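Here is the structure we will look at.
The values are calculated or read from the model by the stated rules, or taken from the named source; none is laboratory data. Since the model is a prediction, treat every value here as computed from it, not as a measurement. Counting neighbours? That spans all protein chains shown, and the Cβs are built from the backbone with ideal geometry, glycine included.
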Amino acid sequence: MGILTVRAPDSQQAMEEVLRRLGPEAYILSTRQRDGLIEIRAARDLPPPPVRPAEPEPPEADPAPRRLTLTGLTVPPQDEAAPLRAVPRAQSFGELLEDRKRLTGAPLVAERSWLPPRPGSEASHGFEALACRLLPDAPPRIPARLVIAGLPGAGKTLLALRFAALAMEERPGVEPLILAPRLGTEAVDARLRHWTRLLALPLDRPPLADLDLALAEEPDPLRPEIVDLSCRPDAGPELLGALMEAGAEVVLALPAGLAPRALARWAVAPAGTRVCLTRTDLWTPEEAELAALAGTGLRLGWESGGAGVVDALRRMDRDRLGLWAGEWARPQEEEEP
């Protein structure tokens, strides 16, 4: 049995290298942090159990043994002593995720790793007006039927997986279904195939023309359907409106850093659509960008960033918007003498 040892700056890159080298059926033997890197040891097969040496036969009894008498407390004899060290067992990827969830605690993904606004960044009148026009009245929820649309390169496929992971963490027991319609006989995205296997998610790829047949008759909260419209980056209000009439809620994925004119062009969707800004870890949304988004009448409900699936999706609120506003004011403060 060959053991593969992978070291990377974070666990995401290490797991992707294990998937590339050994495939999704690999066994995780150990994970640890060494010299500032994440080290994962994996193998294709389980290691064979250690061979224990045969126990020597007890010596023959002495025909006339000596008798030793002890006084005081007596301890009952033990039939078999416990081993000094337990035999190590290979840990599967599912058990590794369960251990990670126990270590991170009970808070929801959407409420974790958020920082309070910086001191001295009180919301001005302009910020309050922007927040009232841009943020939804109530925190968005994950519906029983969700459709993800957006321009090419916005990260719709990864966003669908993040919504599925968030649904499983917020509501234990649900079984999300990923629907990735296709136009012809194109192959499935490799990332989508690998991540659905790792998360144990069912994947269905019906033709786009038969998408209504693949949907359930009624949306089921215990089996939410997440539709990835990567095959139609030019999905217009007509198609999205028809899906909303079938009981779906639409999330429009837009990458952070778009020019106001480009954003006004792409942020076209029926009323009730929520916007999710992606790649916010690479680019902080600017004031003119959010003002243009507020002018479209759509509400900013979600924010997504990072390279993984877990801990990469957040609900938007005033605190998060205040953090971005603090980034806008920082260059002006640095220019002042």
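Search the stretch 181-204 for residues being surrounded by fewer than 19 Cβ atoms within 10 Å (Cβ to Cβ) and touching a Lys or Arg at 6+ places or on another chain (Cβ under 8 Å), and hand back the single one that is nearest to residue 230 (Cα to Cα).
Among residues in the stretch 181-204 that are surrounded by fewer than 19 Cβ atoms within 10 Å (Cβ to Cβ) and touching a Lys or Arg at 6+ places or on another chain (Cβ under 8 Å), the one nearest to residue 230 (Cα to Cα) is 182.
Looking at the stretch 227-235, is at least one residue at pLDDT 90 or above, out of contact with any Gly (no Cβ under 9 Å at 6 or more places or on another chain) and either surrounded by 16 or more Cβ atoms within 10 Å (Cβ to Cβ) or not polar (S, T, N, Q) (or both)?
Within the stretch 227-235, one or more residues are at pLDDT 90 or above, out of contact with any Gly (no Cβ under 9 Å at 6 or more places or on another chain) and either surrounded by 16 or more Cβ atoms within 10 Å (Cβ to Cβ) or not polar (S, T, N, Q) (or both).
So which of 193, 197 is under 17 Å from the mean Cα position of the chain (by Cα), without any contact (Cβ under 8 Å) to a residue 40 or more places away in the chain and part of a helix (DSSP H, G or I)?
193
Just to check your reading of the model, which residue among 103, 108 is surrounded by fewer than 20 Cβ atoms within 10 Å (Cβ to Cβ), farther than 25 Å from residue 221 by Cα, modelled with pLDDT under 90 and under 17 Å from the mean Cα position of the chain (by Cα)?
Just one listed residue meets the conditions, 103.
For residues in the stretch 124-180 being in contact with an Asp or Glu (Cβ under 8 Å, 6 or more places away or on another chain) and among the small types (Gly, Ala, Ser), which is surrounded by the most Cβ atoms within 10 Å (Cβ to Cβ)?
Among them, the one singled out is 160.
Quick check, is residue 17 touching a strand residue (DSSP E or B) at 6+ places or on another chain (Cβ under 6 Å) and not hydrophobic (A, V, I, L, M, F, W, C)? Spell out the reasoning first.
Details: touching a strand residue (DSSP E or B) at 6+ places or on another chain (Cβ under 6 Å): yes; not hydrophobic (A, V, I, L, M, F, W, C): yes.
Yes, satisfied.
Picking from 166, 208, 159, 179, which residue would you name as being at pLDDT 90 or above and in contact with a Cys (Cβ under 8 Å, 6 or more places away or on another chain)? Break it down into steps so the answer makes sense when it comes.
Working: 166 fails: in contact with a Cys (Cβ under 8 Å, 6 or more places away or on another chain); 208 fails: at pLDDT 90 or above; 179 fails: in contact with a Cys (Cβ under 8 Å, 6 or more places away or on another chain).
After ruling out the rest, the residue left standing is 159.
What are the pairs with Cβ atoms under 6 angstrom where one residue, in the stretch 245-270, is farther than 12 Å from residue 296 by Cβ and the other, located anywhere, is among the hydroxyl-bearing types (Ser, Thr, Tyr) and not in a helix (DSSP H, G or I)? Sequence gap at least six, or different chains.
Close Cβ pairs (under 6 Å, with a partner that is among the hydroxyl-bearing types (Ser, Thr, Tyr) and not in a helix (DSSP H, G or I)) amount to 250/273; 253/278; 255/278; 256/280.
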